[in-house]
Ligand SMILES: [Zn+2]
């Protein structure tokens with residue numbers, strides 16, 4: 001395992017390698033980009049490269065330091081995450097105190113702060129102290145997908161590296177390398193492109209089950225079957241706000257993807273560019289239960305619902321809106 005084995009972002013790899021080669025490693029960096037898991041992989045890779053026993057500007061993946069870093073047991077690498085909603089002041093105070101301690105085994109002590117924008121004013125100000133008094137043997141790497149969530153005074157003291165979202169081809173290639181067959185890799189790549197969560201890093205089987213459930217729900221709603229059951233299930237789920245929001249967001253996302261595919265199949269049945277390739281035949285059958293206008297209406301409606309969930313709208317209101325959009329369309333007369 002080396003920088004070349006990491007997925008995408010070749011430009012960033014070149015920058016990091018050149019820091020190492022010229023010995024100009026910044027004291028504090030921000031890795032900013034849309035995929036948190038990928039940022040962490042890069043940050044961990046960089047931490048390994050800084051301490052690898054066999055490589056100068058890269059990491060080998062099999063020396064003692066590299067192996068320990070991969071198993072979270074390397075004493076000079078700390079990966080931190082917010083304790084609850086935010087980083088607690090004690091977590092940051094610890095960093096301030098530890099700042100001047102020498103590395104225990106390696107060349108550099110590396111602290112990776114995941115979700116770095118989750119700092120409240122008191123922890124952010126405490127962290128600023130660390131940045132104001134750089135210790136030469138330390139490297140701080142802040143990971144975030146929300147640059148605006150960081151204090152300008154923190155940002156101005158960090159080297160900011162902007163990561164690009166991964167392309168479909170990059171994801172496919174990577175997954176094949178990891179042992180997926182070509183078809184699964186391509187499907188995952190397609191689905192991850194459209195913001196479906198946990199496709200690449202999460203439990204794919206669980207994801208596929210959820211997707212099958214969503215298809216059954218869509219199929220029922222479009223054919224006016226089992227509407228009552230769907231409604232009851234949603235109400236039952238809404239007793240726990242947290243579970244409901246997660247389920248609803250995921251389901252509405254999946255339904256949107258399927259509706260987009262239905263739209264494509266309605267307009268051009270031979271088009272090979274649908275996302276849910278493995279459901280093509282079922283989705284094709286569903287086109288006989290829905291018009292282009294209604295599909296467009298539902299796609300738009302699902303977008304509104306996704307926005308409304310984020311706005312913390314009441315679960316009951318969301319459910320009613322959702323059900324009405326599928327069942328009361330004719331009466332509402334919205335085009
Ligand atoms: Zn190594």
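Just so it is clear, none of the values below were taken in a lab; they were calculated from the coordinates. Remember, predicted model here, so these are calculated numbers, not experimental data. Ideal geometry is used to build each Cβ from the backbone, glycine not excepted, and the neighbour counts take in all protein chains shown.
Just a few scattered comments:
- Protection proxy ranking, peptides 208-214, 183-189, average beta carbon neighbours within 10 Å, highest first: 183-189, 208-214
- Shape call, the stretch 203-332: gyration tensor on alpha carbons, a/c limit 1.5: prolate
- Protection proxy ranking for 42-50, 279-287, 8-16, 78-86, using the average of other Cβ atoms within 10 Å per residue and placing the highest first: 42-50, 8-16, 279-287, 78-86.
- Whether the stretch 1-47 is rounded, prolate or oblate, judged on the alpha carbon gyration tensor where a/c under 1.5 counts as rounded: oblate
- Least to most buried among 327, 251, 17 (fewest other Cβ within 10 Å first): 327, 17, 251
- Within the chain, DSSP assigns beta bridges of which about 5% are antiparallel (rounded to the nearest 5).
- Helix 227-237 vs. the chain, principal-axis angle (Cα, 0 to 90°, nearest 10): 30 degrees
- Relative contact order, whole percent, for the stretch 3-166 stands at 34, derived from Cα pairs under 8 Å and 6 or more residues apart.
- Over the stretch 3-166 - Rg/Rh using Cα atoms and the Kirkwood inverse-distance radius: 0.93
- With neighbours defined as other Cβ atoms within 10 Å of a residue's Cβ, the residues 257, 77 order from fewest to most as 257, 77.
- Relative contact order [Cα under 8 Å, 6+ residues apart], the chain, whole percent: 15 percent
- The overall shape of the chain, judged from the alpha-carbon gyration tensor, is prolate: a/c is not under 1.5, and a/b is greater than b/c.
- Sorted by Cβ neighbour density within 10 Å, fewest at the top, the residues 215, 151: 151, 215
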